[in-house]
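The values are calculated or read from the model by the stated rules, or taken from the named source; none is laboratory data. Since this is a predicted model, take the numbers as computed values, not measurements. Neighbour counts run over all protein chains shown; Cβ positions are idealised from the backbone, glycine included.
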Amino acid sequence: MTEEEYLALPEEKPYLEYVDGLVLQKPMPDRLHAQLVMFLDYLIYSYILVHGGRGGPERRLRLPDGSGYRLADTAYWGPDRDMSESSMPTLAVEVRSEEQTMAELRRKCRVFRANGADSCWRIDPYARTVEVFDAGRDGVRLGPGEALETAAMPEFTVAQAGLWAALDR
């Protein structure tokens, strides 16, 4: 499929990504995925109210390397970035759905980083693990007591215990 044909498709669920000429259907979020994204969106919105910027789930991102369009599960754009389709977020977050593999989400985080995202978090609600992709870490798995943080978002900290508690509500 051409890029023009992809862009002519309706933007409706299930959302579609465009990677190297192929259209890929994003998995529909299950309960655990939805709970985590909602919790993270709440935290990101609270951060935006104090520090500025923009954020939200499922924004289509045109990859500057020309390889296609991807959608982060949720993302944050700092106040110095526009939130257009061609602007990579400051932070992208990928939450694993049951049918997704760890390897494919790691690849996606690396693509976001290679295309200009400052940081990407890969969260697995089933194994209750987190990996961080940023300037100093390429898929480093956090220990159970370590918090999610990124230098690109000063004062933004997410305790892993808070993530997992959001799943148990």
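In table form, for the structure just shown:
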quantity	calculated
Residue that is surrounded by the most Cβ atoms within 10 Å (Cβ to Cβ) [pool: residues in the stretch 138-169 that are in a loop (DSSP other than H, G, I, E, B), of a type in the set (Asp, Glu) and without any contact (Cβ under 8 Å) to a residue 60 or more places away in the chain]	Glu146
Residue identified as farther than 16 Å from Trp121 by Cβ, in a strand (DSSP E or B) and either modelled with pLDDT under 95 or in contact with a Lys or Arg (Cβ under 6 Å, 6 or more places away or on another chain) (or both) among Leu24, Leu7	Leu24
Residues within the stretch 23-49 that are free of Cβ contacts under 8 Å to residues at least 24 places away in the same chain, of a type outside the set (Phe, Trp, Tyr) and closer than 16 Å to Phe156 by Cβ, tallied	2
Residue list for the stretch 115-137, restricted to those being crowded, with 20+ Cβ neighbours inside 10 Å and without any contact (Cβ under 8 Å) to a residue 24 or more places away in the chain	Val132
Test for Glu85: is it surrounded by fewer than 19 Cβ atoms within 10 Å (Cβ to Cβ), in contact with a Phe, Trp or Tyr (Cβ under 9 Å, 6 or more places away or on another chain) and under 21 Å from Leu163 (Cβ atoms)	no
Output for the stretch 53-95, where each listed residue is basic (Lys, Arg) and more than 19 Å from Tyr18 (Cα to Cα)	Arg54, Arg81
Residue in the stretch 100-109 that is under 30 Å from Thr2 (Cβ atoms), aliphatic (A, V, I, L, M) and surrounded by fewer than 16 Cβ atoms within 10 Å (Cβ to Cβ) present	yes
Selection status of Leu40, within 17 Å of Thr150 (Cα to Cα) and assigned to a helix (DSSP H, G or I)	yes
Residue match in the stretch 31-47 (condition: small (Gly, Ala, Ser) and surrounded by 13 or more Cβ atoms within 10 Å (Cβ to Cβ))	yes
Qualifying positions in the stretch 64-97 - farther than 19 Å from Gln35 by Cα, in a loop (DSSP other than H, G, I, E, B), under 16 Å from the mean Cα position of the chain (by Cα) and modelled with pLDDT of 95 or more	Gly78, Met88, Pro89, Thr90
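Results for (1) touching a Leu at 6+ places or on another chain (Cβ under 8 Å); (2) at pLDDT below 95; (3) of a type outside the set (Lys, Arg), shown as yes or no for each residue.
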{"site": "Asp134", "(1), (2), (3)": "no, no, yes"}
{"site": "Phe156", "(1), (2), (3)": "yes, no, yes"}
{"site": "Gly162", "(1), (2), (3)": "no, yes, yes"}
{"site": "Asp168", "(1), (2), (3)": "no, yes, yes"}
